[in-house]
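Enquirer: Okay, here's the structure, questions in a sec.
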Amino acid sequence: MPFVGNDPAVYVEELGANLSSGPTIVMLHGGAHTGACFQATPDGRPGWAPFFAAQGFRVLLPDWPGCGQSDAVPLAELNGELVCRALSTVLTTSPQPVILLTHSMSAAFGWKLLETHGSKIRALIAIAPAPPGNIQPPTPIVARSENAIEVETAGFRWTVPLNACVPVSETLVRDKLVGTSTRFPRQALDDYTAALHSIAPRLVLERQNIDGCQLSVTNTEPFRNKPILIVTGSDDRDHPREADGETADWLSKVGARVKYIYLPDLGIEGNGHMLMLENNSDDIAGLMTNWIAGLDV
């Protein structure tokens, strides 16, 4: 199924399609990436997509609209609402409810998709998730002009142009995506950085909740009794235990059945933000498949 929908069309890579008896898992990449981040690790091992396919899952890897091989979208129109509308077609084309896996920025899309298409989502896995706008405080603004906004978050300062894509700098990779991780293969850092993509400015502003623009959930009823798993590593600068714990607490308050795995609690140390690319990615995938098995899907 190379493309789904037409408003705009979303490119979707499919694995394990011949295993129709197994559940479908839809993996949503985070900012600066495409669905390819789930295909292979920088050290040459199969990524989460082939791992899950080998376990009997049908795996769908969409590229966000305006990213990768999906249709281009004018920057002025490319926001989280449009991304969710386009990605919802991936859910509605599945005959059975899917397991939705989100990473980082795409978690905000996942919360909104759960609100709008809850009947098409059997369970949700959120890796180092962006919180919904309901509970995310706005990022402090250092400076603002007609053309850019400069913000500071987790000790990292960056400038977001308002009329151009936000480039992925070496500083962003070094300080945020990889950071102090001892699990990321450093010998692959240059190739990894070169493969990253710039990010649409409105999506970055939403992620920072500038002027309260992050996607928020208005109807929490679809969250009631919904199984949700959150997974966070020890060396993720933007996702300390307390931050993702607040997201887990909010989900519990609205009635979801939440399990929060902070990897150090299991004796797993050294993971940063890019869990699917680190040298123990198979172990983390095993934690997720064990959780899914307990859902009897």
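Enquirer: If the requirement is being over 27 Å from E269 (Cβ atoms), β-branched (V, I, T) and out of contact with any helix residue (DSSP H, G or I) (no Cβ under 8 Å at 6 or more places or on another chain), which of these qualifies: I199, I141, I135, I121?
Expert: I199
Enquirer: Does the stretch 214-232 hold any residues that are in a loop (DSSP other than H, G, I, E, B) and in contact with a Pro (Cβ under 9 Å, 6 or more places away or on another chain), and which are they?
Expert: Q214, L215, S216, V217
Enquirer: Taking the stated definitions as given, is I121 touching a residue at least 60 places away in the same chain (Cβ under 8 Å), more than 20 Å from P227 (Cα to Cα) and touching a Leu at 6+ places or on another chain (Cβ under 8 Å)?
Expert: Against the criterion (touching a residue at least 60 places away in the same chain (Cβ under 8 Å), more than 20 Å from P227 (Cα to Cα) and touching a Leu at 6+ places or on another chain (Cβ under 8 Å)), I121 does not qualify.
Enquirer: Here's another thing I want to ask about it. Would the stretch 96-118 turn up any residue that is exposed (fewer than 15 other Cβ atoms within 10 Å of the Cβ), out of contact with any Ser or Thr (no Cβ under 8 Å at 6 or more places or on another chain) and either modelled with pLDDT of 90 or more or not acidic (D, E) (or both)?
Expert: No, the stretch 96-118 contains no residue that is exposed (fewer than 15 other Cβ atoms within 10 Å of the Cβ), out of contact with any Ser or Thr (no Cβ under 8 Å at 6 or more places or on another chain) and either modelled with pLDDT of 90 or more or not acidic (D, E) (or both).
Enquirer: Taking the stretch 164-189 as the region of interest, how many residues are touching a strand residue (DSSP E or B) at 6+ places or on another chain (Cβ under 9 Å) and surrounded by fewer than 13 Cβ atoms within 10 Å (Cβ to Cβ)?
Expert: Residues flagged as touching a strand residue (DSSP E or B) at 6+ places or on another chain (Cβ under 9 Å) and surrounded by fewer than 13 Cβ atoms within 10 Å (Cβ to Cβ) within the stretch 164-189 amount to 1.
Enquirer: Could you look through the stretch 134-151, keep only residues that are closer than 23 Å to H103 by Cα, of a type outside the set (V, I, T) and surrounded by 14 or more Cβ atoms within 10 Å (Cβ to Cβ), and pick out the one that is farthest from the chain's Cα centre (by Cα)?
Expert: P138
Enquirer: Something else about it: When you scan the stretch 242-271, how many residues do you find that are in contact (Cβ under 8 Å) with a residue 40 or more places away in the chain, surrounded by fewer than 19 Cβ atoms within 10 Å (Cβ to Cβ) and either assigned to a strand (DSSP E or B) or not acidic (D, E) (or both)?
Expert: 2
Enquirer: If you check every pair at least six apart or on different chains, which have Cβ atoms under 9 Å apart with a residue in the stretch 55-74 that is basic (K, R) first and a residue that is in a loop (DSSP other than H, G, I, E, B) second?
Expert: R58/G16; R58/A17; R58/N18; R58/L19; R58/S20; R58/G22; R58/P23; R58/S94
Enquirer: Pick from V178, V173: which is hydrophobic (A, V, I, L, M, F, W, C), touching a helix residue (DSSP H, G or I) at 6+ places or on another chain (Cβ under 8 Å) and at pLDDT 95 or above?
Expert: V178
Enquirer: Could you list all residues from the stretch 217-227 that are out of contact with any Lys or Arg (no Cβ under 7 Å at 6 or more places or on another chain) and buried (at least 18 other Cβ atoms within 10 Å of the Cβ)?
Expert: If the condition is that a residue be out of contact with any Lys or Arg (no Cβ under 7 Å at 6 or more places or on another chain) and buried (at least 18 other Cβ atoms within 10 Å of the Cβ), then T220, P222, F223 are the ones that fit.
The values are calculated or read from the model by the stated rules, or taken from the named source; none is laboratory data. All values derive from a computational prediction rather than experimental measurement. For neighbour counting, all protein chains shown are included, and Cβ atoms are generated from backbone atoms with ideal geometry for every residue, glycine included.
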